[in-house]
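Asks: This structure is in structure tokens; I'll ask about it shortly.
Derivation of every value follows stated rules applied to the coordinates shown; laboratory data play no part. This is a predicted model, so every value here is computed, not measured. Heads up, the Cβs are rebuilt from the backbone with ideal geometry, glycines too, and the neighbour counts pull from every protein chain shown.
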Amino acid sequence: MEKRRWLVFVVFTWMFVFSAGRELKIKHKDHGPIYNHTLATILVRYASTVYLSDLTELFTWTCSRCDGLIKDFEMIELVVDIQHCLQAFVGVAQDPNAIIIAFRGTQEHSIQNWVEDLFWKQLDLDYPGMPDAMVHHGFFNAYHNTTIRPGILNAIARAKEFYGDIRIIVTGHSMGGAMASFCALDLRVNQKERNVQVMTFGQPRIGNAAFASYFSELVPNTIRVTNEHDMVPHLPPYYTYFPQKTYHHFPREVWLYNVGVESLVYEVEKICDDSGEDPTCSRSVSGNSISDHLVYFGVELMAKTWRRCRIVMGPGVVEYSRTDLGGNFVLSRDLATPVLKLNALSEAGAKPL
């Protein structure tokens with residue numbers, strides 16, 4: 001028995017060294033972005049909170065998912081596009097010292113239906129100003145042609161005026177990751193922002209190889225975290241024999257997976273190569289799991305229910321809202337308003353809209 005335990009220990013140690021050695025070998029190969037585990041575990045919480053339908057708790061930052069982040073974050077603007085079932089927020093965090101932008105993922109009736117639909121999506125839009133670059137029009141339009149973009153840009157301008165020229169970090173899960181990527185590119189290209197960082201979770205492909213090349217050059221500080229057999233990063237499909245005509249991920253992927261023998265399990269965070277389609281990372285597995293898509297670092301990334309676009313808002317936050325003719329609205333905080341006053345509003349209760 002003792003001999004068997006020793007054998008298990010040796011095998012496990014060998015697997016650990018082999019995995020870690022490969023990661024260290026490529027980590028600084030091309031001077032790409034440096035992956036920060038602590039930052040990832042913080043940002044995944046923001047990607048989770050943006051799924052909340054109780055806008056009073058979210059806007060006042062009193063939600064249960066906000067635990068551990070409450071003292072470090074001040075909400076500035078919460079944007080809700082009712083017509084397209086989209087949601088995002090902008091705020092400022094003390095740790096990391098940055099403007100945080102978070103986009104909500106898909107809110108379809110069934111995530112299974114959304115995944116099946118995504119399998120058949122074709123490249124169908126030329127990205128402006130980038131020859132040969134093509135993208136998924138649905139993801140592009142979700143950011144560029146809804147009320148989300150103007151709300152985000154307005155909040156960033158106000159935040160910079162109040163807090164100074166601090167960096168911007170954009171995050172999101174699933175479809176929210178796709179929107180986060182288009183937002184980051186917009187900030188770099190059209191808004192001339194210099195310090196933009198991206199970290200997404202379970203993000204699908206959004207463009208072809210030409211687009212991925214432009215993106216990696218313009219927004220180099222980008223990390224896509226993928227988990228085990230999460231199926232969404234495999235979609236829309238990548239066809240090996242048509243690399244220029246098919247969807248293609250941009251770098252840098254960090255793939256989370258477990259290795260182990262018997263009761264010994266080691267969680268690997270593998271930093272992949274700069275191709276965007278490293279065959280030794282998530283592409284090395286089948287990508288057939290929805291459950292792996294919905295939990296990252298032990299944090300749930302989904303709404304409590306899959307009912308389409310149900311939101312709840314208390315009367316105390318109505319005075320902070322602006323609504324357009326389509327029923328879309330923004331909850332916007334005067335940056336001089338004490339956060340404690342906003343938190344007190346959450347005690348007034350909420351009602352479904």
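Asks: Are there any trypsin sites (Lys or Arg not before Pro) in region 156-249 that are in a DSSP loop and have at most 10 other Cβ atoms within 10 Å? List them by number.
Replies: 192, 194
Asks: Mind computing the radius of gyration and Dmax over the alpha-carbon atoms of region 147-192? Å is fine for both.
Replies: Cα only, region 147-192: 10.9, 31 Å (Rg, Dmax).
Asks: Let me know the Rg and Dmax you get for region 90-190 when you use only its Cα atoms, in Å.
Replies: Looking at region 90-190, its Cα Rg and Dmax stand at 15.1, 45 Å.
Asks: Take 117, 72, 67 and order them by how many other Cβ atoms sit within 10 Å, fewest up front.
Replies: Ascending number of Cβ neighbours within 10 Å: 67, 117, 72.
Asks: Amide H of residue 86 versus every other amide H placed in the peptide plane: which residues, excluding those fewer than 5 positions away on the same chain, fall under 5 Å?
Replies: 81
Asks: For region 248-318, what D do you get in µm² per second when you plug the Kirkwood radius from alpha-carbon pairs into Stokes-Einstein at 37 °C and 0.692 mPa s?
Replies: So the translational diffusion coefficient is about 211 µm²/s.
Asks: Could you list the GluC sites (Glu not before Pro) in region 241-277 that lie in coil according to DSSP, counting only those with at most 14 other Cβ atoms within 10 Å of their Cβ?
Replies: For GluC sites (Glu not before Pro) across region 241-277 that sit outside H, G, I, E and B with at most 14 neighbouring Cβ atoms in 10 Å, the list reads 262.
Asks: Let me make sure I get this right: for region 197-316, a, b and c are the square roots of the gyration tensor eigenvalues over alpha carbons, sorted descending. Under 1.5 in a/c it's rounded, otherwise prolate if a/b > b/c, else oblate. Which is it?
Replies: It is oblate, given that a/c is not under 1.5 and a/b is not larger than b/c.
Asks: Using only the alpha carbons of region 111-152, determine the length spanned along each of the three principal axes and report them from longest to shortest in whole angstroms.
Replies: 32, 30, 10
Asks: Fewest Cβ neighbours within 10 Å first, please rank 201, 215, 329 accordingly.
Replies: With the sparsest Cβ surroundings first, the list reads 329, 215, 201.
Asks: Let me ask something else about it. Setting aside same-chain residues fewer than 8 positions from residue 192, which aspartates and glutamates have a Cα under 13 Å from its Cα?
Replies: Here the aspartates and glutamates satisfying the reach criterion relative to residue 192 are 165.
Asks: Which ³J(HN,Hα) values in Hz, rounded to whole numbers, follow from the phi angles of region 97-105 under the Karplus curve 6.51 cos²θ - 1.76 cosθ + 1.60, where θ = phi - 60° and Gly and Pro get x?
Replies: 6, 6, 7, 9, 10, 10, 10, 7, x
Asks: What residues qualify as long-range amide H neighbours of residue 73, i.e. H under 5 Å apart, gap of 5 or more or another chain, H built at 1.01 Å from N?
Replies: Excluding prolines and chain starts, which carry no amide H, the hits are 94.
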